[in-house]
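Notes to accompany the following structure.
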Amino acid sequence: MDVLESQYDLIRRTRESLFRYCETLSHTDYVKELESFGGDSIRSLHAHVADCYRVWLGKRALGTSLSEIRPDSINDIQEMREVFRRIDDLVLKFLNEFKGNWDKTLHVSFEKGGSAEISALWLFTHTITHEFHHKGQIVKIGRQLGYIPPDTDLIEF
C-alpha cells in the first residue's frame, strides 16, 4: 500500500474513534451551537471538515462537482458516517490520481477572488491537518458539554 494511503487509513481509524464518541452524545448536544465556538456545533464542524475535503480535493484538484455538505441536511451520526464514506471514496480517488506525482502543481482559484499554484501534496496535507484541528475542537466542545472523550490521538499499539 502507498504511504499516503496508509496514512489516510490511520486518519479514518481515528475518525471512527471520534464517531463512536459522538454516538454517546445526545442528539441535542451533537447539534447544539456553542457561542464559545463561534456558534458552531459538533455536527457543523464534522460537516465543515467533510466539505473541506470536497472543495480542496474534489473541486479544486479533481474538478468534480459534488454538492455542498450542509450541516442541517445531516440528521445524526449515522448520516455523518455516510457523508464521510463518500469523502473516503473521493480521497482515495485523489490519492490514486496523484500517486507518485505529489509535487505536481495545480492552479487553484478561490471563490472570493485570487488564485494560487499549489502542489498535490500540499492539498492532501492541508485537508488532513484541517480535520485534526477540528477533531480537537469537537473533543473540546464535548468536554464543555460534560462528556468525557476517549483518547482520539493516533496512539494505537
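Note down the net charge around Glu33, summing +1 for each Lys or Arg and -1 for each Asp or Glu among other residues with Cβ under 14 Å from its Cβ. Can you show the working numbers first?
Numbers: positive: Lys32, Arg43; negative: Asp29, Glu35, Asp40, Asp72.
With Lys, Arg at +1 and Asp, Glu at -1, the neighbours total -2.
Within the chain, which whole H helices from DSSP have a Cα span along their axis of at least 15 Å and a mean Kyte-Doolittle hydropathy of -0.5 or more, if any?
Values: long enough: 3-22 (29 Å, -0.57); 42-53 (17 Å, 0.17); 77-98 (31 Å, -0.13); 120-144 (37 Å, -0.27).
Passing helices, by number: 42-53, 77-98, 120-144.
Cross-link partners among aspartates and glutamates for Lys99, C-alpha distance below 13 Å, same-chain residues fewer than 8 apart left out?
The reachable aspartates and glutamates, counting only those whose Cα sits under 13 Å from Lys99, are Asp2, Glu5.
For the chain, what does the helix formula give at 222 nm: sum of -39500 (n - 2.57) over DSSP H segments with n ≥ 4, over the residue count, nearest 500 deg cm²/dmol? Display every interim value, and only then the final one.
On the way: 5 runs with 84 residues, N = 157.
Mean residue ellipticity, 222 nm, calculated: -18000 deg cm²/dmol.
Please give the per residue volume of the convex hull enclosing the alpha carbon atoms of region 1-72, rounded to a whole number of Å³. List each step's numbers first, then the result.
Values: hull volume 8.1 nm³, N = 72.
Value for region 1-72: 113 Å³ per residue.
If packing is taken as the average count of other Cβ atoms within 10 Å, what order do 146-153, 9-16 fall into, highest mean first?
Values: 146-153: 12.5, 9-16: 14.9.
Final packing ranking: 9-16, 146-153.
State the extension gain, in nm to one decimal, for the chain segment bounded by Leu10 and His48, taking 0.36 nm per residue of separation less the distance between their alpha-carbons. Display every interim value, and only then the final one.
Values: separation 38, 0.36 × 38 = 13.68 nm, distance 2.02 nm.
Result: 11.7 nm gained on full extension.
Pairs Lys59/Lys93; Lys93/Lys140; Lys32/Lys135; Lys59/Lys104; Lys32/Lys112: which are spaced more than 20 Å apart, C-alpha to C-alpha? Before the final figure, lay out the partial values.
Values: Lys59/Lys93 12 Å; Lys93/Lys140 32 Å; Lys32/Lys135 16 Å; Lys59/Lys104 16 Å; Lys32/Lys112 29 Å.
Result: Lys93/Lys140; Lys32/Lys112 exceed 20 Å.
Just how far, in whole angstrom, is region 38-75 from region 1-27 if you go by their alpha carbon centroids?
17
Give me the percent relative contact order of the chain, please, defined on Cα pairs under 8 angstrom at least 6 residues apart. Display every interim value, and only then the final one.
Values: 137 pairs, mean separation 43.9, N = 157.
It rounds to 28 percent for the chain.
So if each residue of separation counts as 0.36 nm, and I subtract the Cα-Cα distance between Glu111 and His126, what length gain in nm does that give? If you can, show how the numbers build up before the last one.
Working: separation 15, 0.36 × 15 = 5.40 nm, distance 1.77 nm.
Extending this stretch completely gives an extra 3.6 nm.
Starting from the alpha-carbon convex hull of region 82-129, give the projected area averaged over all orientations, in nm². Mind showing how you got there, number by number?
Working: hull surface 16.0 nm².
Over all viewing directions, region 82-129 projects a mean Cα-hull area of 4.0 nm².
A short reminder: the numbers here are calculations on the coordinates, not readings from a lab. These numbers come from a predicted model, not from an experiment. So basically every Cβ, Gly included, is an ideal-geometry build from the backbone, and we count neighbours across all protein chains shown.
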